[in-house]
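What follows is one structure encoded as structure tokens, with my remarks underneath.
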Amino acid sequence: MPRRIVLHAGFHKTGTTSVQQTLRENRVALKQHVALRLRWHMPELIHATRGYSTWRDPLTLIKVQDRFETLMEDLPGMPRRTLVISAEELAGHLPGRGDLDDYSAAPVLLYAMWEIMSSRFPAAEIVIYLSTRSADAWLASAYWEHVKASGMTLGFDDFRARYHKAAALEDMVSDIASRVPCRVQSAALEDCRDLPLGPADPLLDLCDLPLSLRSGLTSVLAANPRLGVDVLQEMLHVNRTHDGAEARNAAKKAILERARAL
């Protein structure tokens, strides 16, 4: 049984990939103190959480619960260790996908996970950790992620006008804290820039690692740096002028390859 469970459930575009890469890079050093379950350990669960954020139907929520139960059942013995579960998709899809306007599915999803964890490990302390970011920076990052990874054709001003409520991440942290009966903590990406391990440091603070171990952990380069504006504008043009996902993806792949060769 873990002594503590830290559920890092988002939000997207707040340094979560860098956190997960830091944990993965240091997994051997952390193994004695921390058990890790990262996004690539739970593809079926993530598929269900994304689905629930889109449809909000009882059947998909049951799938989330069943798959999270399976994740718990498959854990190894970990006496006195901290279990860290980290995947931004546990809060659902990135807002802006289809008709998804915000993170309002997150409190429901996290309550369902808390209920399962507290039932299975009643003696373990449960902490929900949420990484955040300033609204303007989040909107810009989310917008260009959609331009790069989907067929987004909206201009940025229209995107910002439609999805500005989704960028109020601190408000969503407060909403989750009011609805899930466990400790909820958060840290802003902007406050992590000068930390030795960047956005991974606030999460590792929750693991009570020995100072000697903490000081020897390896940092990683920032993941998913934003492409140049000219490259992103080219991709937006592709989304607006190419019909079909296959044609769009091929054109954007060529743009990326050309940009990386410079």
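The values are calculated or read from the model by the stated rules, or taken from the named source; none is laboratory data. All values reported here derive from a predicted model rather than from experimental measurement. Every residue, glycine as well, gets a Cβ built from its backbone with ideal geometry; the counts of neighbours run over all protein chains shown.
Brief remarks follow.
- Scanning the range 80-97 finds one or more residues that are under 27 Å from A167 (Cα atoms) and at pLDDT below 95.
- The range 158-175 residues that are assigned by TED's automatic domain parsing to the domain that holds Y143, paired with ones that are modelled with pLDDT of 95 or more and in a helix (DSSP H, G or I) (beta carbon under 6 Å, 6 or more apart): F159/Y143; R160/L139; A167/A135; A167/W138; A167/L139; D175/P107
- Selected residue (criterion: surrounded by the most Cβ atoms within 10 Å (Cβ to Cβ)) from residues of the range 86-131 that are out of contact with any helix residue (DSSP H, G or I) (no Cβ under 7 Å at 6 or more places or on another chain) and within 16 Å of L203 (Cβ to Cβ): V127
- Flag set for L221, criterion: within 22 Å of T16 (Cβ to Cβ), modelled with pLDDT under 95 and exposed (fewer than 13 other Cβ atoms within 10 Å of the Cβ).
- For the criterion of being crowded, with 17+ Cβ neighbours inside 10 Å and without any contact (Cβ under 8 Å) to a residue 40 or more places away in the chain, R67 passes.
- When R120 is tested against (1) among the basic types (K, R); (2) in contact (Cβ under 8 Å) with a residue 60 or more places away in the chain; (3) within 30 Å of E69 (Cβ to Cβ), just one condition goes unmet, and that condition is (2).
- Checklist (1) in a helix (DSSP H, G or I); (2) in contact (Cβ under 8 Å) with a residue 12 or more places away in the chain; (3) of a type outside the set (G, A, S) applied to N224, failing item: (1)
- Every condition in (1) surrounded by fewer than 23 Cβ atoms within 10 Å (Cβ to Cβ); (2) touching a Leu at 6+ places or on another chain (Cβ under 9 Å); (3) under 19 Å from H8 (Cα atoms) is met by M72 except one, and the failing one is (2).
- Test for L83: is it within 20 Å of M172 (Cβ to Cβ), touching a residue at least 40 places away in the same chain (Cβ under 8 Å) and surrounded by 19 or more Cβ atoms within 10 Å (Cβ to Cβ): no
- Failed item, numbered, when T218 is tested on (1) part of a helix (DSSP H, G or I); (2) out of contact with any Phe, Trp or Tyr (no Cβ under 9 Å at 6 or more places or on another chain); (3) not basic (K, R): (1)
- The range 240-262, residues that are out of contact with any helix residue (DSSP H, G or I) (no Cβ under 6 Å at 6 or more places or on another chain), part of a helix (DSSP H, G or I) and of a type outside the set (A, V, I, L, M): R240, T241, E246, N249, K253, E257, R258, R260
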